[in-house]
Structures are given as C-alpha cells and as structure tokens.
Amino acid sequence: MKRLWSWGAIIAGALYFLLPLIGTLEFSLRMRRGEYSLDAYRSVLADPAFRATFGYSVAMALLTILLGVLIVVPTAYWVRLRLPRLRPVIEFITLLPLVIPAIVVVFGYIRLYNTSSLLPLTGSATGTNLLLLCGYATLALPYMYRAVDTGLSTLDVRSLTEAAQSLGAGWVRIIGNLILPNVMGAVMSGAFLSFAIVIGEFTMAALLNRPAFGPYMQLLGANRAYEPAALAVIAFAATWGCMGLMQLISRLASVRRTAR
Amino acid sequence: MRTGWNWLGVLPFFVFAVLFLVLPTMNIVIGAFRNPQGEFTLANLAGLSAPRIVDSFAISIRISLASAALGCLVGFAMAAAVVMGGVPAWLKAPLMTFSGVASNFAGVPLAFAFIATLGRVGLVTMLLRQWFGINIYAMGFNLLSFWGLTLTYLFFQIPLMILIITPALEGLRREWREAAEVLGASTGQYWRMVALPILFPSLLGAFALLFANSFGAVATAYALTGSSLSIVPIMLFAQIRGDVLQDPHLGYAMAFGMIVVTGIANLAYVIMRSRAERWMR
Amino acid sequence: MSFLNLDHLQKSFGSTQVVHDFSLSVDKGEFISFLGPSGCGKTTVLRMVAGFEEPSEGRILIDGQDVTRLRPNQRQIGMVFQAYALFPNLNVAENVGFGLKVAGVPRSERASRVAEMLELIGLPDMAARFPWQLSGGQQQRVALARALAPRPRVLLLDEPLSALDAKIRVSLRNQIREIQQQLGITTIFVTHDQEEALSISDRIVVMHRGIAEQTGTPPQIYNQPATEFVAGFVGKLNLFDATVLDRASGLVSLAGSEIRLNRPIPPGRVSLAARPEGLVLAETGIPAEVTGVEFLGSVQRLRARVGERDIVLDRFNTDASLPQTGDRLHLSPELSRWLLVSHEQ
C-alpha cells in the first residue's frame, strides 16, 4: 500500500519533469519541415550574438565566483574564529537575497548609483559591469555562504589557526594556504551553484542593459520559433554539466579527505 | 569585552552588504514615502490602490500561494517516497541530483521548454489532440494564464522543496516511529502527533521560501508572456524600463509592496516557527 | 502454561540466517535477559516479539494468543529503546501519556495515570519539561514510564542502559528491577553486558550466532556453563590441559595430580576449567609459578603459569602475605571448584 503510493508519486513526478524536457528536445529538432534536423542548433551556434553574450555571461559568472569567495571565505572563517556572537546577524543578512526579490534590489541600484549620485556606477560600461557583478554576488550570497559555512563546520578552525600561528604564519597565509584548501570542496559546490544562477540570469542584466545571455535568450524567444527550444536544451545541458561537475568534485574532495 | 579590533575582520562583508543589499533596499523603501520633491507623502502608497495594481498583486499572490502549496505537497510526497516509501534506495541519488539541476533551471529557458511542450503547437498539446482527440486549448487551457504559469513554476518549486525537505525527513529517527507504533499508534496518529509537528518548522520555512521564490520571479513569466500577464514583477519590470507608467514613485511603491508581501510571508514563518519550536533548544 | 511463548522462531535476511530455531517459554512476571555479543541475534528476537520483524518460521504467543502476524500497535507491548526515543516535540507528561491518548483514554484518567507513572520513576516534578532538558538517565526513566503507562502485557528493553554513564547504569538497572518486581510485569531485557544480566535477571538466555547456547538462572549460567562460549563470555575462565583417566566416574589427571569430578564426563571433546575465584591454593597439588600480582583492594589477583597455560586466580584480601612474582605455589585439586566445558562441534 505504502509502496504503491510511493511509486505513484515518483512516476507522476517523473512524467511531469521528463515531458517538458522531451517536448523541448523534440521541438528543437523540428525546424526543417517534415523531418528531424539539427538546423536550429546550427542556426543558434552560428549566431555571433550567441557567442558574444554567452562569453560575457561565462566571464561574469567566473568573476562572481571569485568575488563571492573573496567576501565569504574570510568572513565565515573570522566569524567562526572570533565573533561567534555575530553569526545569527551574518546568517540573516546572507538569507536576505532569498527574501528581497532581485528586481527590487536592481531597482535600488538604478536609483542609488545613477549618473547624478555620489557613486555614478551606471554612468560607464565598466561601472555598470561592476554593478552587475556585485548584484550577481548578492544573488549568489545565500548559496555561497551556506556552502562555505557547512564546509568550515567540519574543521576545527581554532586549532588549525593556532597551530599555524605557532608556526609563524600570517593571516593571508592562514586563509589562503590553510583554510581555503580545506574547504575547497564546499567552495566548489557554492561556485557551481553561483555559475548556474548567473549564466542564465535575466532581470538584473536586462534592467542594467548589459549584453548577457539571459536577455539574449529572451530576445530570441520573442522573435524566433525553433531556436529558443534549442537554446533551452543547451542551457539545460550546461546546468546539468555544472551540477555533474559539482558532484564529481565534492565526491573527489571527500574521497581525498577520507584518504588522508 | 575583548573583541577590540576583531570587528575589522568582517568589515568588508558589511561594507558589501550595506552598499549592494541594504542601502538599495532602503532607498526603495524610503522612496516609496517621498514625492518627487523629496517630501514625505503617502500618495505613492495610495497609488497602489489603482485597480490594475491591486489586481496584479492579487494574481501574483495567488500564483505564488498555489505554486508554493503545490510545490510543497508534491515535493514532500516525492521526498517521502524516496526516504521512507520503500522504493529502491538507488533512486535517491539521481532524484537529488536532478532536483539540484531543475531547481536552478528557472528563467528564460524554462519558459521555452513549456512553450515547446504545452504551447499551442507543443509536443503534449499535439499528442493529446492526435491520440485522444483532446484539444486542451479549446477546453480553455492557456499557458499564459494563472494555471499555466503555476504549472510552469512548479518545475523549479518541486525540486527546491525536495532539496529542502529531504534532510529533514532523514532526520526523523526510526525509533520515534517504532516507539509510537509499539505504544498503539496507527500510521496516521504517528504522522499527526509526532512526525508532522517535528517537521513543521522545516515545512513552514520551505513554504515561505517557495512563496518568495515565485513571487519575485521575473524571467520565466516575461519570456512566457511578454507583458501580457500583469503580475507584479512584470509590471514593475515594465515600469522600471519606462515602458508603461511614467511615475517613478509609483514604481517605488510597487517595489515596496513586494518587499512587504515577502516580508510578511517570512515574518509569519519566523513567528510560527518560534511557537512551534518551543520544544527545541 | 507459560505467559510468553517463542516457538521455533527463525529469521533470515536474504540468504543470511540470523536466528536459528529459537524457542523459549517465559512465566508471567519473569525477568529474562538475552545476553550475547553484538550480531548474535538477540535484538532480532526482541524485534520479532515487538512485531518490527516478521519471523521467517515459528510462532509467538502472548497469554495463549498467537500474535505472530499482528502489527506492533495491536500487541499491547511496552518497549524501551537504546537511544532514548522520546518524542522531542512532546513534554514529559505528553510522552508518558502518548499510549493512553492514542488508545482514547479520557483526559482526566490519563492525567492521573501519568502522575502515577512519574511518581513510580521518581520524577514527579518533571512533567512539563521537554526531553532535551533532561539528562540521559532521566530520559530513559521517562521512556520506561511511557512504555509502562498503557499497562502492556510484556515489557521489552533493548539495551536501555548502554548509552549511559557507568554509575547511572548501575542505579537505573536496580530501579528497573524494582519497578518490574513491583508491577510483576513479564520482561525481556537485551544486553551485551554480563554483569547487568547476572545482577537483575530471573533467567538468562546466552545467545551466539543466532542460537540460544544456554538458558538458565544466573548462578546456573555462571557456575555450570554448558558450552565453551558461555563459559568464556560470562565471567573469566581458566582452561587447563588435563587428561581423562575415566569418563564414567569423572577422573582426570592434571600435571601429575588426580582430580575427582564425581560426575560422568560427557562424550566428545571437553576441557577442564575453573573460575579465577574457584581456584584454591594449597601446600601440595598442581604446581603453578606466579608471573604477576595485582592488588585490587578487596581481592588479590595472581597471574600464574600452569604447564603451558596462563591462568588467573582471585582470592580475598586477608592478612596472609602477598605472593611475589616468581614464587612457586600449588593449586588444590580437591578444594578448587572445577568446571567441564564442552567444545563446539
């Protein structure tokens, strides 16, 4: 009886999740009338705008990961080591981006950093890129912080630090050479989540008018029929690849840790 | 206090959070109470009572409630099936991996996927017509509608629920179930008196998160419907772009309204959780 | 007619059989311990009685009723688990009253029964506390009260003491025994600790590899172990290399001394053995060389060598001077209490 219900839930869920994927794949192959072909993919990959926007978003994603690591790792480490009482505050702040919609945050950016403000970031392309980068780091903050904090919880941060200090290591060396490698698995899982979020992000990029992959996909969707389905398949494959890599790396990291 | 200069270590984090999270949000909140001359006013908020804005909030909240509730329900059922339902254990790892992927598969591509599946010439629409003679569009279904959008949002809501609730379900100890059973409780009594109360904080948190998740979602709806479905984030998006409304301070008020709605959802969660967790440390 | 009957129980998980042909009759009010190392099948038998595992073969009868196919919630059994399985979302009173509540007992009756149970376990003031506010020993007492509140026909205790500190373990086991005798409830207690089993049981079932090796009172188990496993698992045992002179009259020879056992030696391979406190020193007899001396307060423990075997001998601390390492002593063949241990086939 229980097993029947369970199988029912699993099969219904699997149908719901598989049908759109199959539908998209099938649709993406229908560009040539009467037969299946890869024309839609050929058309997408040949589009210079595809390459430009995809490249832009990949670069932004990598920079977001870098910025996220720089902000989150030292903070999470320092809070665990010296300021445990601040932890609830920091956790609350890192969860805010899940509560405040991204569109509200970016609206604030536009108003706060416009050309007539003290910090006119939106005035130049470089400035706007920087603003978008910070926006992405904000979006990724909850995932990055959770991942790193969980990673740190498996270490005895205090003993590690004191041992390193007794050997004469400075702060930069402790964080860079000792803490970071030890939480690398956690950092990587946070990094891939960040990557998956940034690569297709639409709202912030569209409102800040940056040539990112998300707005490009939206534009294509509004004007073409079959290419969007091909893009969706590519995007899904990219997300899936990210998750696969994340699992592989965290598994390798845990294997290495148990081997040590 | 021997904290001394310790706070310097978290200064970069706080500077970042203030500049790119707190100040922008505060700016919106304050802007909602100011007129273009910078004076205090409630006129912007009063502007929210315009019928089309009230309608947009109503439909947004309804979609978010529906997709959060259904997402919680279906996600819970699937997680429970895998954790304790007696299906083969190897199913769990692929389900979790898939949930990780699908919960991040939001935005523009998701809209494309559902257009290709349930759009007017989508695979499922066509198959239903060819095989069973059912024309869902003739029956009143529309992807660009309340149910269409809810159905689409479930694609990332259900996996998110699975990711959140699986660890909580795994935290239910076998001894609790066995102790309840041996004391004479039926399966229903065990769930009502022990398991659900223990899971309640996690369920509430998941619901609040799922609600905020769909309430703030722009990309999927925008790619699916353009600006034809007037849910709040789409209206605000158009407003910020300057397409529709010309009064920037009404935009402030709408954004403020969004914060209030997700804020209330999360406040309700915090209050109910603290009440539910009186038995916890 | 005994109260609880386990009739030729067998249990296999896949191709591995964890319980072989287990039979046991328990009288009403009896306290039975299942004793054995981990993986010996004792917990599996207990879980079959509770209804969590279904026997592959055999029957379980409680008070004449066949409960083999009944679900756990229909068996009217009380159970205490190893890792205090109190419901964390319910306070002490609600935990204790849980079984009464699901049985539909009215509120007022429930309250008085809960108060009575809390009195019984000596925690009358803890009703409003939540499990996390209690120590391990208190939690386990509440778990006992919870199990007893619905007046079960049988009480099952699954290593209830093993997660506790040594001191609490002793006081709680005495309390469990007191309450059990006071209520006269038929009880099965699973443990891997021989001291626990010996101290509070009416009878002990020593289990090994899914087989009941011996069933008997604590003195029987300790003084007349039926198998080498029982002898070795319960208490310390010295084995000797002896030669059988006459099986019928029970005459053996050990290091030149003749030992009269005054009972026939069973067929098959047997060993001559003795507990450390069963060996007595004498002027003449079996020669032994002292290899070490431990002074343990009330007891002097001598380590010695007899032939090829290392043995241990305990004796009460008297005024007699302590032997030294290297001393040559003799074991008395007549006064020592000898055991015969059958080897497994």
Quick check, is B:Ala180 closer than 30 Å to C:Arg153 by Cα, of a type outside the set (Lys, Arg) and assigned to a helix (DSSP H, G or I)? yes
I need the helices (runs of 4 or more DSSP H) fully contained in the stretch B:1-95, keeping only those with at least 2 residues that are under 28 Å from A:Pro120 (Cα atoms) and among the hydrophobic types (A, V, I, L, M, F, W, C). B:11-17, B:23-31
Of the listed residues (C:Thr215, C:Thr227), the one being closer than 26 Å to C:Gly307 by Cβ and surrounded by fewer than 20 Cβ atoms within 10 Å (Cβ to Cβ) is C:Thr227
Test C:Ser2 against the criterion of being more than 28 Å from B:Phe200 (Cβ to Cβ), in a loop (DSSP other than H, G, I, E, B) and hydroxyl-bearing (Ser, Thr, Tyr), and give yes or no. yes
Going by what's in this entry, would C:His8 be described as outside any loop (DSSP other than H, G, I, E, B) and loosely packed, with under 15 Cβ neighbours inside 10 Å? yes
For the stretch C:151-193, enumerate the residues that are touching a residue at least 24 places away in the same chain (Cβ under 8 Å), among the acidic types (Asp, Glu) and exposed (fewer than 15 other Cβ atoms within 10 Å of the Cβ). C:Asp165
Can you find, within the stretch A:89-109, the residue that is farthest from the chain's Cα centre (by Cα) among those that are surrounded by fewer than 17 Cβ atoms within 10 Å (Cβ to Cβ) and within 11 Å of chain B (Cβ to nearest Cβ)? A:Val89
Can you pull out every residue in the stretch B:183-222 that is among the β-branched types (Val, Ile, Thr), farther than 24 Å from A:Leu207 by Cβ and facing another protein chain (nearest Cβ under 7 Å)? B:Val194, B:Ile198
Mind listing whichever residues of the stretch A:1-57 are over 23 Å from A:Leu220 (Cα atoms), among the β-branched types (Val, Ile, Thr) and within 8 Å of another protein chain (Cβ to nearest Cβ)? A:Ile10
Pick from the stretch A:72-85, criterion hydrophobic (A, V, I, L, M, F, W, C) and crowded, with 20+ Cβ neighbours inside 10 Å, ranking: nearest to the other protein chains (Cβ to nearest Cβ): A:Trp78
Is it the case that the stretch B:11-34 has a residue that's under 20 Å from A:Ile103 (Cα atoms) and more than 13 Å from chain A (Cβ to nearest Cβ)? yes
Can you name every one of the strands (runs of 3 or more DSSP E) wholly within the stretch C:263-345 that holds 2 or more residues which are among the hydrophobic types (A, V, I, L, M, F, W, C), in contact (Cβ under 8 Å) with a residue 40 or more places away in the chain and surrounded by 12 or more Cβ atoms within 10 Å (Cβ to Cβ)? C:270-274, C:286-295, C:309-316, C:328-331, C:339-342
Positions within the stretch C:60-99 being surrounded by 24 or more Cβ atoms within 10 Å (Cβ to Cβ), more than 9 Å from chain B (Cβ to nearest Cβ) and in a loop (DSSP other than H, G, I, E, B), in sequence order: C:Gly97
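I need the strands (runs of 3 or more DSSP E) fully contained in the stretch C:170-235, keeping only those with at least 1 residues that are more than 30 Å from C:Ala145 (Cβ to Cβ) and at pLDDT below 90.
C:211-216
The values are calculated or read from the model by the stated rules, or taken from the named source; none is laboratory data. Since this is a predicted model, take the numbers as computed values, not measurements. A quick note on method: Cβ atoms are made from the backbone with ideal geometry, for glycine too, and the neighbour counts reach across all protein chains shown.
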